[in-house]
Amino acid sequence: MLDDIVAYKAQETAQRKANYSLSYLESRIQCARATRSFERSLVAREVTVIAESKYRSPSKGILRADYDPLVQAHAYQKGGAAALSVLADSRFFGNGPYVVGWIANAPSVHLPVMYKDFIVDEFQVYEARALGADAILIIVRILSPEKFKQIYNLAVELGLDVLVETFDEEDICRALSVSARIIGINNRDLDTFKVNFDRTAELFSLLPSEVVGVAESGISGVSDFRTIKQLGFRSALIGEYLLCADDSAEQLSSLIE
């Protein structure tokens, strides 16, 4: 599935580049609101939550029948989220870049917003900042070492914080090679698709103390949240557990209390 998504992203981004010039995005960036510190928000309390918005997932389909991105953002804000992760993908997750901009620029939303997509091209980084995003997510393993460095450095240059997503020791090594300040560890095994917190613990031990560690994927309750807290993570990226709740704000509040 990951390979299919990445292949599609390359095609989709090429089409967007044909429709929107870099100079257009640069002019939008000049008018974009000032960034909010995603990194500082993640360390504002002992363990924080990056709450994720998406309409569906490739494996589970529609996650919330009454999904409204802005309503969801307000619920997360009310529930105590430290930051928001907003999918910029329409084909697989039912959102789109415009949703990122909608939430990032809503006067009633005060949290940092992360543009989350399968980033394969610098164009997406410019787009994220032009939309008003405060951070982006980069998946190490879908990029060559050189392309990863180029995209990471561009994001920093544009004033964006970067959550670098890793799956194994090699990914972490590459993340540290660019002095990444925020490193996510995916709890889900790519081969079995099962959540393995023992494996997560092994990978977390490789992170320097100054790095903000983020636990990603598969956190489905208070017990899992306590586990990542005990391991030493400063934040957790959580989507489906909150999206599928009857009351997302209450679900989030009870998780972090």
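The values are calculated or read from the model by the stated rules, or taken from the named source; none is laboratory data. It should be emphasised that the depicted structure is a prediction, and the values quoted were computed from it without experimental measurement. Cβ: placed from backbone, ideal geometry, glycine included. Neighbour counts: every protein chain shown.
Table for the structure above
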{"item": "Out of VAL109, VAL140, VAL120, sole residue that is surrounded by fewer than 21 Cβ atoms within 10 Å (Cβ to Cβ) and of a type in the set (Val, Ile, Thr)", "result": "VAL109"}
{"item": "Top-ranked residue of the range 148-196 - restricted to ones that are modelled with pLDDT under 95 and either in a helix (DSSP H, G or I) or touching a Gly at 6+ places or on another chain (Cβ under 6 Å) (or both), ranked as surrounded by the most Cβ atoms within 10 Å (Cβ to Cβ)", "result": "ASN187"}
{"item": "Residues (within 14 Å of ALA88 (Cα to Cα), in a loop (DSSP other than H, G, I, E, B) and among the hydrophobic types (A, V, I, L, M, F, W, C)) located in the range 102-131", "result": "PHE118, ILE119, VAL120, LEU131"}
{"item": "Residue ID - surrounded by the most Cβ atoms within 10 Å (Cβ to Cβ), chosen from residues in the range 50-76 that are out of contact with any Ser or Thr (no Cβ under 8 Å at 6 or more places or on another chain) and polar (S, T, N, Q)", "result": "SER57"}
{"item": "Given (1) within 14 Å of LEU87 (Cβ to Cβ); (2) in contact with a Gly (Cβ under 9 Å, 6 or more places away or on another chain); (3) at pLDDT below 95, number of the condition ARG45 does not satisfy", "result": "(1)"}
{"item": "Breaking point among (1) crowded, with 23+ Cβ neighbours inside 10 Å; (2) within 21 Å of ALA128 (Cα to Cα); (3) without any contact (Cβ under 8 Å) to a residue 40 or more places away in the chain, for ALA215", "result": "(2)"}
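Condition check ((1) farther than 25 Å from SER144 by Cα; (2) touching a residue at least 40 places away in the same chain (Cβ under 8 Å)) across all residues:
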{"residue": "GLN11", "(1), (2)": "no, no"}
{"residue": "ILE29", "(1), (2)": "yes, yes"}
{"residue": "ALA32", "(1), (2)": "yes, yes"}
{"residue": "SER37", "(1), (2)": "yes, yes"}
{"residue": "LEU63", "(1), (2)": "yes, yes"}
{"residue": "TYR67", "(1), (2)": "yes, yes"}
{"residue": "VAL71", "(1), (2)": "yes, no"}
{"residue": "ALA75", "(1), (2)": "yes, yes"}
{"residue": "SER85", "(1), (2)": "no, yes"}
